[in-house]
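Input: a single structure, listed below in structure tokens.
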Amino acid sequence: MTEHGGPGDGFSTGGPTAGEREYPQTEPGHPQQEETDPVADVSRETTFRVRTAEDLADGAPTFDDDHHTPLARAAEHSVLARQGTRFRPALSRPERTRVFVVANQKGGVGKTTSTVNIAAALAQLGQRVLVVDLDPQGNASTALGVEHRRGVPSTYDALVDGVPLEEVASPSPEVDGLWVVPATIDLAGAEIELVSVVARESRLRKAVHGHPLVGGTDAGEERFDYVLIDCPPSLGLLTLNALVAGDEMLIPIQAEYYALEGLGQLLETVEMVKAHLNQQLDVSTILVTMYDARTRLAAGVAEEVREHFGERVLKTSIPRSVRVSEAPSYGQTVMTYDPGSPGALSYLEAAREIAIQGAAS
């Protein structure tokens, strides 16, 4: 260690040396890639792998192998994604509308992000989807490009005033086949207003199942195949309404330790709802989000979740992605903002798994 302030000081603000500029370096024999490298260990040990763009493009026309540089591959996958379903196997529609509750009382786990991107991916795969935004922040409404200022017909009107859901739903301008019931700031006071209402916990169920396009073959060819309800990050009356309204539950879990701590409380709430209010509710799908394959922690959390929930955990995890975070600021999902990005392709594959999972059950 040199004297403080010297050229070799570990806290020096000077520019990187020639050996530092290419970090991380992976040439054989480099000291950063020794046998004890934890990153290398994770790559060997992790069985919970994130599906990549190559997986999704499998079977589709490819460019000349001589041009498979990283930049060329990224361009190829983007082109394939933008060409829609032409290179993707068609997904059969479910026999009746599948109503999903997307919930986790812990904030910042990718709940709303997963709701809107899976909804957009399902719509891109030929399904008809309705998203019900039940979070007063209205983030799902923002990402799907629908207006949700105060005074706009919203979930508040359906829950508090009993307005039919079809009258407050509007099509998303970004994706064909995707409809949205927006949330406005008025929804923040709905829990207080619903306290004195009879059967207050089943208001949303009545609204969803009362929609003429929700149901089986009797609802016609224009029926919704999926309804996704985005819940607020709490276990209050709004989330309770969603749990009573849904038949299936999708829980996004961030690949970090704190995400596991509140999971027990959430599952206890689900069991109480099943025992007293909605026997059909089933935790059918677990999605690991913000997955970083470079860390042992992410691998450990994913493995622990898989050991507990088994086949209900989707094989596809959602990697950390700047593009996924950027998309809402443009009023879009990552599926339209950058369809060739790893995040978009991962959500597309997760949506396909959900659809196939339902067909097999």
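Per-residue answers, yes or no, for (1) of a type in the set (S, T, N, Q); (2) buried (at least 16 other Cβ atoms within 10 Å of the Cβ); (3) farther than 29 Å from Leu91 by Cβ:
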position	(1), (2), (3)
Lys206	no, yes, yes
His211	no, yes, no
Thr217	yes, no, no
Leu228	no, yes, no
Leu243	no, yes, no
Glu248	no, yes, no
Val270	no, yes, no
Val273	no, yes, yes
Gln280	yes, no, no
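Scan region 305-324 for residues that are part of a helix (DSSP H, G or I) and under 10 Å from Ala255 (Cα atoms) and jot them down. Lay out the reasoning, then the answer.
Taking region 305-324 as the starting set, the residues that turn out to be part of a helix (DSSP H, G or I) are 305-312, 322-324.
Once the filter is applied, which keeps residues that are part of a helix (DSSP H, G or I) and under 10 Å from Ala255 (Cα atoms), region 305-324 yields only Val305.
Which one of the conditions (1) farther than 21 Å from Leu267 by Cα; (2) at pLDDT 95 or above; (3) not small (Gly, Ala, Ser) does Ile229 fail to meet, given that it meets all the rest?
For Ile229, the failing item is (1).
Among the residues of region 292-315, is there at least one that is surrounded by 20 or more Cβ atoms within 10 Å (Cβ to Cβ), within 17 Å of the chain's Cα centre (by Cα), at negative phi and not hydrophobic (A, V, I, L, M, F, W, C)?
no
Could you please let me know if Thr289 is surrounded by 21 or more Cβ atoms within 10 Å (Cβ to Cβ), within 23 Å of Glu191 (Cα to Cα), out of contact with any Leu (no Cβ under 7 Å at 6 or more places or on another chain) and hydroxyl-bearing (Ser, Thr, Tyr)? Before the answer, list the steps.
Working: surrounded by 21 or more Cβ atoms within 10 Å (Cβ to Cβ): yes; within 23 Å of Glu191 (Cα to Cα): no; out of contact with any Leu (no Cβ under 7 Å at 6 or more places or on another chain): yes; hydroxyl-bearing (Ser, Thr, Tyr): yes.
Spelling it out, it is not the case that Thr289 is surrounded by 21 or more Cβ atoms within 10 Å (Cβ to Cβ), within 23 Å of Glu191 (Cα to Cα), out of contact with any Leu (no Cβ under 7 Å at 6 or more places or on another chain) and hydroxyl-bearing (Ser, Thr, Tyr).
Just checking, does region 99-117 include any residue being of a type outside the set (A, V, I, L, M) and without any contact (Cβ under 8 Å) to a residue 60 or more places away in the chain? Full working, then the answer.
Of region 99-117, the ones of a type outside the set (A, V, I, L, M) are 100, 104-108, 110-115, 117.
With without any contact (Cβ under 8 Å) to a residue 60 or more places away in the chain added as a condition, the list becomes none.
No, region 99-117 contains no residue that is of a type outside the set (A, V, I, L, M) and without any contact (Cβ under 8 Å) to a residue 60 or more places away in the chain.
The values are calculated or read from the model by the stated rules, or taken from the named source; none is laboratory data. None of the values given here were measured: they were computed from a predicted structure. Cβ: placed from backbone, ideal geometry, glycine included. Neighbour counts: every protein chain shown.
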